[in-house]
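Derivation of every value follows stated rules applied to the coordinates shown; laboratory data play no part. Everything quoted here is computed from the prediction, not taken from an experiment. Heads up, the Cβs are rebuilt from the backbone with ideal geometry, glycines too, and the neighbour counts pull from every protein chain shown.
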Amino acid sequence: MIHPIANNRRNLVMYAVFWALIALMHSFFLFHFYNASIYLAIVDSTLFNLFYGLIGLGLWYAVKFSQMEMNNIGNLILNHLSAASITLVVLFLFGYYSINSIPVLNEGYKEFFNSTLIWRVITGVMEYILIVLVYYLIMYYTNFMEKITMESELKTNVKVAELNALKSQINPHFLFNSLNSISALTVTESKKAQEMVLKLSDFLRFSISEKPDAMRQFSEEVDNISKYLDIEKVRFGERLIIKKDISKKCNDAKIPSLILQPIVENAVKHGLSESLDNVEIRITADCFQGFLKVQVENDFDEHEHKIKSGNGIGLQNIAQRLKLTFGREDLLSVGKEHGKFLVTLTFPQNGNNDTRNIN
């Protein structure tokens, strides 16, 4: 830990002002209570406090060393008693001989110094205690801030690790489905299989380039979803109908990277994969009162869905990612009615956390 005063210009100025004020108070005290001349009072208090200020800078290292003895109160007290004694002896020797060497002041100074010795000891001890307490406060404050910083970094690392784990559960699922589709197309339509491989490569390049805790513009995520849907269009052809109603004012909104893809993937899976009819997937988005609201709706066969529905790990992961990113559990809602499955995602913008504005 660097010296908190000597290596900080602002603190050094404040330290100098402190000792100047102490010197002014000492001058007043010597002049009024010990009948010293104004010249002697000013010179005496200035030199003594100048020396004490310089010694006080060195006391930082004594305090820093004594921190290792905090587990032994006896050693701590002994260390400070020794340091205080040495400090006062050195201060008095320097101060006395410096002033006594001034011809104008040396006459009778010994008697004056002896008459003020008790006062000097008391004020010296009080100033020593004050300096030491300030150093301890600085040390504890610095350690406290370092601990907060470390805890914040640890929480961030844990958050990134959790997001990595969630993301790693989603990507293999999508990759498995895509490779199955490519495998099927290689037998019947090799050109479509080739096209799908190229689109899949483009999509995965985007996916792996993103950090798990990254925030991206909504327009970029929409482009990425379009790449995914292009892959599925190769697989399902005209059976897959895509409709988008996305407000342009939402383009610059920020959302967690790759958070929409699993939602759209679910729409395709539970729509087209469980029905022989054409399926329409509708993606809508609007911004209002500091929120971006995205809805993904798809047709689905209610009977087949009841039979084949899985454990919903994709939606669970999305909910967990939203909680980790925004610290809230009310940003994902799911509803199904009359053969329609609707997922609604709400993304706070610019730190907006007002729950009244979501609905």
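Amide H contacts for ARG216 (H built 1.01 Å from N in the peptide plane; partners 5 or more residues away or on another chain; cut-off under 5 Å): ILE255, SER257. Computed packing ranks the peptides 186-194, 89-97 as 89-97, 186-194, most packed first, by mean other Cβ atoms within 10 Å. For the residue pairs LYS192/LYS244; LYS191/LYS243; LYS155/LYS340; LYS191/LYS269; LYS244/LYS323, the alpha carbons lie more than 31 Å apart in LYS155/LYS340. For the pair segment 16-72 / segment 179-203, the C-alpha centres are spaced 83 Å from each other. Near MET25: Cβ cut-off under 13 Å, other residues only, Lys/Arg at +1 and Asp/Glu at -1. The net charge is -2.
For segment 83-154 versus segment 247-265, the inter-centroid distance based on Cα atoms is 63 Å.
Coupling constants for segment 318-332 follow from the phi torsions by the Karplus curve (6.51 cos²θ - 1.76 cosθ + 1.60, θ = phi - 60°), and in residue order they are 4, 4, 5, 5, 5, 5, 5, 7, 10, x, 9, 10, 10, 9, 10 Hz; glycine and proline get x. Proximity of backbone amide H atoms, modeled 1.01 Å from N, is registered between LYS244 and ILE283 at under 5 Å, excluding neighbours fewer than 5 places apart on the same chain. For GLN295, neighbours were defined as the other residues whose beta-carbon sits under 14 Å from its Cβ, and their charges (Lys and Arg +1, Asp and Glu -1) total +1. In terms of the mean number of neighbouring beta-carbon atoms within 10 Å, the peptides 25-35, 41-51 order highest first as 41-51, 25-35. Rounded to whole numbers, the Karplus 3J(HN,Hα) couplings from phi for segment 244-254 are 10, 9, 10, 5, 5, 5, 8, 4, 8, 5, 9 Hz, using 6.51 cos²θ - 1.76 cosθ + 1.60 with θ = phi - 60°, and x at Gly and Pro. The Cα trace of segment 9-115 gives Rg and Dmax of 16.4, 51 Å, the first to one decimal, the second as a whole number.
In terms of the mean number of neighbouring beta-carbon atoms within 10 Å, the peptides 294-301, 105-112, 232-239 order highest first as 294-301, 232-239, 105-112.
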